[in-house]
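Here's the structure we're looking at; comments come further down.
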Amino acid sequence: MVIVLLLYLVFIAGPIGTITHELGHAFGAKWAGANKVVLSIGSGKVIHRSEWNNISIYIHTLFFLGGMTYSETTVPYHRKEVILIALAGPLLSALAAALCFVFYLFYPGDYMMLLILLHLWIAFINFIPFHFKGKQSDGYTIYKAIAFK
């Protein structure tokens, strides 16, 4: 059972959590007026590409290895817009955890609980301000936007 839960976490729940989080950033960027948004899940060769409302989504072979969202706008983002975009990912992760919890109340199970905990973990860890090897958390992006006007 533990192996099955681990496989579920890596290959199903993890990518769902990543896509949810990155969609939050994509929607935040659209609300902030982005002309183009690129959402990329995983690494390696692109195995799927789709586009909707100027949001390009790329799924890579190793789809379980994280993700990122990039956006472009003709006018630079204002500080509040940077904060909105950074907040949108963790907030959508937290909302997804809440929705999964409601579902869990009616259909309890280990798989749903793992998905709830994963969404909460993604929301929590991304609020912590840190940067590592050229990458930064959403919390660090927010910190920079507030501290370095």
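Values in this text are rule-based calculations from the coordinates and carry no lab data. No experiment lies behind these values; they were computed from the predicted model shown. Cβ: placed from backbone, ideal geometry, glycine included. Neighbour counts: every protein chain shown.
Kindly rank 3-9, 98-104, 22-28 from highest to lowest mean number of other beta carbons found within 10 Å of each residue. Present the calculation step by step, with values, prior to reporting the outcome.
Details: 3-9: 12.1, 98-104: 14.3, 22-28: 24.1.
Top to bottom by mean Cβ count within 10 Å: 22-28, 98-104, 3-9.
Add -39500 (n - 2.57) for each DSSP H run of 4 or more in the chain, then divide by its residues: what number comes out at 222 nm, to the nearest 500 deg cm²/dmol?
The helix-only estimate for the chain comes to -18000 deg cm²/dmol at 222 nm.
Modelling each spin label as a point 7 Å along the Cα-to-Cβ direction, I'd like the Ser43/Leu65 distance in nm, to one decimal.
Here the answer is 0.4 nm between the modelled labels.
Between 0 and 90 degrees, rounded to the nearest ten: what's the tilt of helix 14-31 against the longest Cα principal axis of the chain?
30
Counting other C-beta atoms within 10 Å, which of Thr74, Thr69, Thr141 has the fewest, and how do the rest follow?
Least to most surrounded, the residues fall as Thr74, Thr141, Thr69.
Can you give the angle from 0 to 90° between the axis of helix 138-147 and the longest principal axis of the chain, with both taken from C-alpha atoms, to the nearest 10?
The angle comes out at about 30 degrees.
Once both labels are modelled 7 Å past Cα along the beta-carbon direction, what's the Ile125-Glu51 spacing in nm?
Label at Ile125, label at Glu51, 3.3 nm between them.
Can you compute the modelled spin-label distance between Met1 and Met113, with each label point 7 Å from Cα toward Cβ, in nm?
Using points 7 Å along Cα→Cβ, the separation is 0.9 nm.
If R0 is 25 Å, what FRET efficiency do you get for Leu99 and Ile146 from their C-beta distance, rounded to 0.05?
Calculated value: 0.30.
Once both axes come from the Cα atoms, what is the angle between helix 110-127 and the longest principal axis of the chain, in degrees from 0 to 90, rounded to 10?
20
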